[in-house]
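Asker: Right, I'll just put the structure down here and ask away after.
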Amino acid sequence: MALGCVLMLPGVGLAVEAPPPLEPLPRLDAPRGESGGRKVGRVAAEAGMMWAAAMGTGFAGLLIGASQPDDDDSPSSTQKYADWERGFLLGAAVGAPFGVMLGGKMAKGKGAPEGVLLGALAGGGMAVLTAHLRPQEKVEDTMFLLVPAFSMLGSLIGYELSHASNLPSRSTDTTVSILPAVSVDTKGSALGLTGQF
């Protein structure tokens, strides 16, 4: 009772003034500067540039594969088509990480080139392991189809993981403070507690 009287006395003179509006405290669990819209935009830019770079390097690989001389021992039409296809797919797998990195930089991402390359290599390795689960005669064809897809996916994942690790760390301030509060206005007064958790 005595504490309530002591706390209310200084506020009696301020009873005619309206209290300032309370502003919400910032959330401690959300990383600063990273919103959902920004993340979606960055991933879209990465994917778009990845496809553009993969198509460019894929066509370059197709031209290199098509310019290979024919062997006399191999069937010309089927072997030539296989060289074109393989050249395109390998070119796309090589170009995808560079497109992801360029798209991320354009969207002001903080991913590292090492993360992109490690993700592409890990994706390529997973493609090789997955291809070896098929029968032996289908391993090579499956590998050439899976390596570009897994390389692209690994590049995106590697960039996003390295971007997340380069963001400012979340606040680790776990200080709890509780203070008594008095509110006095023309309708009366109230005594309570205010705190920060």
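Asker: What order do Phe88, Phe98 take when sorted by accessible area (1.4 Å probe), most exposed first?
Answerer: If we order Phe88, Phe98 from most to least accessible, we get Phe98, Phe88.
Asker: Suppose we look only past 19 Å in the calculated P(r) of the stretch 90-197. What percent of the Cα-Cα pairs does that tail hold?
Answerer: The share of Cα pairs beyond 19 Å in the stretch 90-197 comes to 62 percent.
The values are calculated or read from the model by the stated rules, or taken from the named source; none is laboratory data. Being a predicted model, the structure only gives us computed values, none of them experimental. In case anyone asks, the SASA skips ligands and DNA or RNA and just uses the protein heavy atoms, side chains included. Shrake-Rupley method; radii C 1.70, N 1.55, O 1.52, S 1.80 Å.
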